[in-house]
Amino acid sequence: MSVTLPDLPYDYAALEPHISARTMKVHHDRHHQKYVDTLNDLIEGTRYDEMELERIVKESAKKDDESEIFNNAGQAWNHSLFWSSMTPKGGGAPADELADAIGQAFGSIDDFRESFKETATGTFGSSWTWLVLRNGKLAIEGTQNADSPLTSGGTPLLACDMWEHAYYLDYQNEKGKFVDAYLENLVDWSFALNRLRARPRAEA
Ligand code: MN
(Lines give C-alpha, C1' and ligand atoms only; values in the text may rest on other atoms or scores of the structure.)
Protein backbone atom coordinates (compact mmCIF):
# COMPACT_ATOMS: atom_id res chain seq x y z
CA MET A 1 0.00 0.00 0.00
CA SER A 2 1.18 3.49 -0.65
CA VAL A 3 -0.19 6.96 -0.17
CA THR A 4 -2.02 8.29 -3.23
CA LEU A 5 -2.73 11.79 -4.51
CA PRO A 6 -6.48 12.43 -4.28
CA ASP A 7 -8.17 14.08 -7.25
CA LEU A 8 -9.37 17.62 -6.69
CA PRO A 9 -13.07 17.59 -5.70
CA TYR A 10 -13.75 20.08 -8.57
CA ASP A 11 -12.19 21.23 -11.87
CA TYR A 12 -8.95 23.22 -11.89
CA ALA A 13 -10.86 26.34 -13.04
CA ALA A 14 -13.80 25.89 -10.67
CA LEU A 15 -12.52 28.36 -8.07
CA GLU A 16 -11.89 31.19 -10.57
CA PRO A 17 -11.72 34.14 -10.36
CA HIS A 18 -10.63 33.71 -6.73
CA ILE A 19 -7.95 31.09 -7.40
CA SER A 20 -6.78 30.61 -10.97
CA ALA A 21 -6.68 27.28 -12.81
CA ARG A 22 -2.94 27.87 -13.23
CA THR A 23 -2.43 28.06 -9.46
CA MET A 24 -4.60 25.00 -8.85
CA LYS A 25 -2.78 22.95 -11.47
CA VAL A 26 0.72 23.76 -10.19
CA HIS A 27 -0.39 23.46 -6.58
CA HIS A 28 -2.17 20.11 -6.90
CA ASP A 29 -0.28 18.38 -9.73
CA ARG A 30 3.21 19.47 -8.74
CA HIS A 31 3.39 20.55 -5.07
CA HIS A 32 0.89 18.09 -3.61
CA GLN A 33 2.07 15.30 -5.93
CA LYS A 34 5.69 15.88 -4.89
CA TYR A 35 4.87 15.52 -1.18
CA VAL A 36 3.06 12.24 -1.90
CA ASP A 37 5.88 10.87 -4.09
CA THR A 38 8.61 11.86 -1.63
CA LEU A 39 6.67 10.33 1.26
CA ASN A 40 6.23 7.04 -0.60
CA ASP A 41 9.98 6.90 -1.29
CA LEU A 42 10.76 7.63 2.37
CA ILE A 43 8.39 5.06 3.90
CA GLU A 44 9.14 2.17 1.55
CA GLY A 45 10.20 -0.78 3.68
CA THR A 46 9.60 1.04 6.99
CA ARG A 47 6.90 0.53 9.64
CA TYR A 48 4.95 3.34 7.96
CA ASP A 49 4.61 1.44 4.69
CA GLU A 50 1.16 -0.04 5.41
CA MET A 51 -0.16 2.86 7.48
CA GLU A 52 -2.98 5.27 6.74
CA LEU A 53 -1.76 8.81 6.04
CA GLU A 54 -3.36 10.42 9.11
CA ARG A 55 -1.68 7.86 11.36
CA ILE A 56 1.70 8.44 9.70
CA VAL A 57 1.32 12.16 10.47
CA LYS A 58 0.48 11.53 14.13
CA GLU A 59 3.16 8.89 14.69
CA SER A 60 6.04 10.70 12.98
CA ALA A 61 5.28 14.05 14.66
CA LYS A 62 7.87 15.53 16.99
CA LYS A 63 10.44 12.82 16.30
CA ASP A 64 13.75 14.38 15.30
CA ASP A 65 14.92 11.44 13.22
CA GLU A 66 11.62 11.26 11.32
CA SER A 67 11.17 14.92 10.47
CA GLU A 68 11.45 14.31 6.73
CA ILE A 69 8.68 11.69 6.85
CA PHE A 70 6.57 13.99 9.03
CA ASN A 71 7.05 17.01 6.76
CA ASN A 72 5.95 15.16 3.64
CA ALA A 73 3.13 13.24 5.36
CA GLY A 74 1.89 16.43 7.02
CA GLN A 75 1.93 18.36 3.76
CA ALA A 76 0.14 15.50 1.94
CA TRP A 77 -2.60 15.37 4.60
CA ASN A 78 -2.91 19.16 4.95
CA HIS A 79 -3.38 19.67 1.22
CA SER A 80 -6.16 17.07 1.03
CA LEU A 81 -8.04 18.91 3.77
CA PHE A 82 -7.38 22.24 2.05
CA TRP A 83 -8.94 21.16 -1.27
CA SER A 84 -12.01 19.89 0.56
CA SER A 85 -12.24 23.07 2.64
CA MET A 86 -13.14 25.01 -0.52
CA THR A 87 -15.96 24.80 -3.04
CA PRO A 88 -17.13 26.89 -5.99
CA LYS A 89 -19.79 29.31 -4.68
CA GLY A 90 -18.56 28.79 -1.13
CA GLY A 91 -18.36 31.40 1.59
CA GLY A 92 -21.38 32.81 3.35
CA ALA A 93 -22.20 31.56 6.82
CA PRO A 94 -22.32 28.13 8.47
CA ALA A 95 -25.59 26.38 9.38
CA ASP A 96 -27.05 24.35 12.23
CA GLU A 97 -24.83 23.35 15.16
CA LEU A 98 -21.74 24.80 13.46
CA ALA A 99 -23.42 28.22 13.38
CA ASP A 100 -24.11 27.89 17.12
CA ALA A 101 -20.55 26.78 17.86
CA ILE A 102 -19.07 29.67 15.82
CA GLY A 103 -21.31 32.09 17.71
CA GLN A 104 -20.26 30.67 21.08
CA ALA A 105 -16.56 30.66 20.27
CA PHE A 106 -16.15 33.92 18.34
CA GLY A 107 -19.29 36.02 18.88
CA SER A 108 -20.37 36.32 15.24
CA ILE A 109 -19.37 35.12 11.79
CA ASP A 110 -17.78 38.53 11.15
CA ASP A 111 -15.72 38.22 14.33
CA PHE A 112 -14.70 34.74 13.21
CA ARG A 113 -13.58 36.06 9.81
CA GLU A 114 -11.60 38.90 11.38
CA SER A 115 -9.84 36.59 13.78
CA PHE A 116 -9.13 33.95 11.12
CA LYS A 117 -7.63 36.60 8.85
CA GLU A 118 -5.49 37.94 11.68
CA THR A 119 -4.02 34.50 12.34
CA ALA A 120 -3.58 33.73 8.62
CA THR A 121 -1.75 36.97 7.83
CA GLY A 122 0.09 37.12 11.16
CA THR A 123 1.67 33.65 11.32
CA PHE A 124 5.26 34.01 10.18
CA GLY A 125 6.66 32.22 7.16
CA SER A 126 5.19 29.16 5.42
CA SER A 127 2.13 28.30 7.47
CA TRP A 128 -1.39 26.93 7.70
CA THR A 129 -4.48 28.41 9.36
CA TRP A 130 -7.11 26.12 10.85
CA LEU A 131 -10.58 26.07 12.25
CA VAL A 132 -10.15 23.36 14.84
CA LEU A 133 -12.20 21.53 17.42
CA ARG A 134 -10.13 21.32 20.56
CA ASN A 135 -11.44 20.10 23.91
CA GLY A 136 -14.99 20.39 22.62
CA LYS A 137 -14.64 24.02 21.53
CA LEU A 138 -13.89 25.74 18.25
CA ALA A 139 -10.62 27.62 17.89
CA ILE A 140 -8.52 29.24 15.19
CA GLU A 141 -4.92 28.12 15.13
CA GLY A 142 -1.90 28.87 12.97
CA THR A 143 0.88 26.31 12.45
CA GLN A 144 4.21 26.58 10.68
CA ASN A 145 5.63 24.44 7.90
CA ALA A 146 3.90 21.04 7.75
CA ASP A 147 2.46 21.07 11.26
CA SER A 148 -1.27 20.90 12.01
CA PRO A 149 -3.57 20.63 15.04
CA LEU A 150 -3.57 16.85 14.44
CA THR A 151 -0.19 16.60 16.18
CA SER A 152 -1.52 18.16 19.40
CA GLY A 153 -4.83 16.33 19.68
CA GLY A 154 -7.07 18.79 17.82
CA THR A 155 -9.56 17.94 15.09
CA PRO A 156 -9.14 20.29 12.10
CA LEU A 157 -12.44 21.25 10.46
CA LEU A 158 -11.04 23.66 7.83
CA ALA A 159 -7.57 24.36 6.44
CA CYS A 160 -6.18 27.41 4.65
CA ASP A 161 -2.78 27.03 2.99
CA MET A 162 -0.67 30.12 3.69
CA TRP A 163 2.49 28.96 1.93
CA GLU A 164 3.42 31.46 -0.77
CA HIS A 165 2.78 28.94 -3.57
CA ALA A 166 -0.92 28.96 -2.58
CA TYR A 167 -1.48 32.61 -3.48
CA TYR A 168 1.53 34.20 -5.10
CA LEU A 169 0.58 33.74 -8.78
CA ASP A 170 -2.85 35.30 -8.14
CA TYR A 171 -2.22 37.79 -5.34
CA GLN A 172 1.58 38.31 -5.16
CA ASN A 173 2.36 39.64 -1.66
CA GLU A 174 -1.24 40.59 -0.81
CA LYS A 175 -2.05 37.57 1.27
CA GLY A 176 -4.89 39.37 3.06
CA LYS A 177 -6.81 39.48 -0.23
CA PHE A 178 -6.29 35.75 -0.67
CA VAL A 179 -7.66 35.12 2.85
CA ASP A 180 -10.66 37.38 2.12
CA ALA A 181 -11.42 35.38 -1.03
CA TYR A 182 -11.10 32.12 0.90
CA LEU A 183 -13.47 33.30 3.64
CA GLU A 184 -15.99 35.20 1.53
CA ASN A 185 -16.17 33.09 -1.65
CA LEU A 186 -14.59 29.69 -1.22
CA VAL A 187 -14.89 28.20 2.25
CA ASP A 188 -17.10 25.10 2.35
CA TRP A 189 -19.14 25.32 5.54
CA SER A 190 -21.00 22.07 4.77
CA PHE A 191 -17.69 20.22 4.75
CA ALA A 192 -16.75 21.72 8.13
CA LEU A 193 -20.19 20.84 9.53
CA ASN A 194 -19.80 17.23 8.37
CA ARG A 195 -16.41 17.03 10.06
CA LEU A 196 -17.88 18.48 13.25
CA ARG A 197 -20.63 15.83 13.18
CA ALA A 198 -18.12 13.05 12.50
CA ARG A 199 -15.74 14.12 15.26
CA PRO A 200 -14.19 11.44 17.44
CA ARG A 201 -16.24 10.64 20.56
CA ALA A 202 -13.49 11.95 22.80
CA GLU A 203 -14.14 15.41 21.36
CA ALA A 204 -17.89 15.32 22.14
MN1 MN B 1 0.43 24.20 -0.62
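The values are calculated or read from the model by the stated rules, or taken from the named source; none is laboratory data. Nothing here was measured: the structure is a model prediction, and the numbers come from that model. When we count neighbours, we look across all protein chains shown, and the Cβ atoms used for this are built from the backbone with ideal geometry, even at glycine.
Sort through GLY125, GLY92 and tell me the only one that's loosely packed, with under 15 Cβ neighbours inside 10 Å and within 16 Å of the ligand (Cβ to nearest atom).
GLY125
Taking SER148, is it within 16 Å of the ligand (Cβ to nearest atom), in contact with a Pro (Cβ under 7 Å, 6 or more places away or on another chain) and closer than 28 Å to VAL26 by Cα?
yes
How many residues are in contact (Cβ under 8 Å) with a residue 60 or more places away in the chain, within 16 Å of LEU133 (Cα to Cα) and not acidic (Asp, Glu) when one looks only at region 86-107?
3
Tell me, please, whether a residue that is part of a loop (DSSP other than H, G, I, E, B), within 28 Å of TYR171 (Cα to Cα) and more than 14 Å from the ligand (Cβ to nearest atom) can be found in region 64-87.
The answer is yes; a qualifying residue exists.
For residues that are assigned to a loop (DSSP other than H, G, I, E, B) and buried (at least 18 other Cβ atoms within 10 Å of the Cβ), scanning just region 150-180, find the one that is nearest to the chain's Cα centre (by Cα).
Among those that are assigned to a loop (DSSP other than H, G, I, E, B) and buried (at least 18 other Cβ atoms within 10 Å of the Cβ), it is MET162.
Show the residue pairs that are 6+ apart or on different chains and have beta-carbon atoms under 6 Å apart, the first residue being within region 61-85 and not assigned by TED's automatic domain parsing to the domain that holds LEU183, the second being within 12 Å of the ligand (Cβ to nearest atom) and in a loop (DSSP other than H, G, I, E, B).
Listed pairs, sorted by first residue: ASN71/ALA146; GLY74/ALA146; GLN75/ALA146.
Determine, yes or no, whether VAL132 is in contact (Cβ under 8 Å) with a residue 60 or more places away in the chain, surrounded by 18 or more Cβ atoms within 10 Å (Cβ to Cβ) and not hydroxyl-bearing (Ser, Thr, Tyr).
no
Given the residues GLU141, GLU114, which is the only one that is at negative phi, part of a helix (DSSP H, G or I), among the charged types (D, E, K, R) and not assigned by TED's automatic domain parsing to the domain that holds VAL36?
GLU114
Go through region 22-62 and report how many residues are part of a helix (DSSP H, G or I), hydroxyl-bearing (Ser, Thr, Tyr) and more than 16 Å from the ligand (Cβ to nearest atom).
Residues in region 22-62 being part of a helix (DSSP H, G or I), hydroxyl-bearing (Ser, Thr, Tyr) and more than 16 Å from the ligand (Cβ to nearest atom): 1 in total.
From the list THR129, THR123, THR119, which residue is more than 26 Å from LYS63 (Cβ to Cβ), of a type in the set (S, T, N, Q) and touching a strand residue (DSSP E or B) at 6+ places or on another chain (Cβ under 7 Å)?
Selected residue: THR119, the only one of THR129, THR123, THR119 that is more than 26 Å from LYS63 (Cβ to Cβ), of a type in the set (S, T, N, Q) and touching a strand residue (DSSP E or B) at 6+ places or on another chain (Cβ under 7 Å).
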